[in-house]
Amino acid sequence: MPFKQSGAIKYYTFASLENQGLYQAVFTRQGGFSSTPWHSLNFGASVGDDIQSVIRNREIALQALYIKPDSIYDVFQIHSTEVVKTEKPLSSTEIHIKADAIITNQPNVTLLMKFADCTPILLFDPNNRAIGIVHAGWIGTVEKIAKKAVLAMVENYGTNPQDIIAAIGPSIGPDHYSIGNEVLERVHTSFPAYKDKIIINKNKKTYFNLWKANRIILSEAGVEKIETAEICTSCNLNDWYSHRGEQGKTGRFGMILGLQK
């Protein structure tokens, strides 16, 4: 089963990343300390929740996987195409870099990102023991940030894209992610050969399939092994935060990836 439980903490794991010497988890919203509307395991510190609740949420979630909080490296996510390489955790005195992808090959670093509809992507190069984590909303998807993260692993760690194991986590599904003309034009520009496969017209609305679009991006980058959770955050509000499904007033669930020593 992809879902696991440790005390009150429920989290999702990818079959393709099991038994690979990794820490990996997409934490659900269950088991934390935050009150409504952030109930309950909110990782987002900039969505209006009490900061002490967020700190406790992160600590209890990480403890469930025996991960030390001081091993974390995260960024200030801004829907960009910036990829950050790190060789150490983020210290309490450092400012968060603005970026939407992180890569490392250091086993003392746990990569962390936060989501509430955008597409979470994990990357693992088993030969060079390098990892990456990506936050891809519609902007990151049309700008192909997942491909840029793969290329950064190639440049920095000698990764062969064919060796990468990629995993696409819970995010808003194709039946719920309606878009307007501005986004549609960007999709057509970025995916001219695939627009009919990732755009759905139904009930006089236009929908964007982020799962399939990011699979295409990874495939174009040379990645062959791709696992997709195909879990819609908007459809499953008991487990996931959804910006669309909760009209913007909600928390952020956390996803981590780290190399075991």
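The values are calculated or read from the model by the stated rules, or taken from the named source; none is laboratory data. Note that the structure is predicted; figures quoted are calculated from it, not measured. Cβ sites come from the backbone with ideal geometry, for glycine too, and all protein chains shown count toward neighbours.
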- Qualifying residues in region 161-173 (those that are over 22 Å from residue 27 (Cα atoms) and not acidic (Asp, Glu)) - the one farthest from the chain's Cα centre (by Cα): 162
- Query: Pairs under 8 Å by beta carbon, first residue farther than 26 Å from residue 125 by Cα in region 18-31, partner in a loop (DSSP other than H, G, I, E, B) and among the small types (Gly, Ala, Ser), six or more apart or different chains?
  - Reply: 29/40; 29/251; 30/8; 30/40; 31/7; 31/8; 31/40
- Task: Give the residue, chosen from 55, 60, that is surrounded by fewer than 20 Cβ atoms within 10 Å (Cβ to Cβ), over 28 Å from residue 191 (Cα atoms) and in contact (Cβ under 8 Å) with a residue 24 or more places away in the chain.
- Result: 60
- Being of a type in the set (Phe, Trp, Tyr) and either more than 27 Å from residue 234 (Cβ to Cβ) or touching a strand residue (DSSP E or B) at 6+ places or on another chain (Cβ under 6 Å) (or both) is the filter here, so list the residues in region 116-166 that pass it. 124, 157
- Consider only pairs whose beta carbons are under 6 Å apart and that are at least six residues apart or on different chains; among these, list those whose first residue lies in region 68-94 and is farther than 15 Å from residue 44 by Cα and whose second residue is of a type in the set (Phe, Trp, Tyr) and not in a loop (DSSP other than H, G, I, E, B). 86/73; 89/73; 90/73
- Query: Any residue at all in region 224-232 that is buried (at least 16 other Cβ atoms within 10 Å of the Cβ) and farther than 28 Å from residue 85 by Cβ?
  - Reply: yes
- Message: I need a count of the residues in region 229-261 that are closer than 16 Å to residue 123 by Cα, hydrophobic (A, V, I, L, M, F, W, C) and either without any contact (Cβ under 8 Å) to a residue 40 or more places away in the chain or part of a strand (DSSP E or B) (or both).
- Response: 4
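Looking for whichever is part of a strand (DSSP E or B), modelled with pLDDT of 95 or more, at negative phi and in contact with a helix residue (DSSP H, G or I) (Cβ under 9 Å, 6 or more places away or on another chain) here; the options are 139, 216, 226, 200. Which one fits?
Values: 139 fails: part of a strand (DSSP E or B); 216 fails: part of a strand (DSSP E or B); 200 fails: in contact with a helix residue (DSSP H, G or I) (Cβ under 9 Å, 6 or more places away or on another chain).
Checking each option against the conditions leaves just 226.
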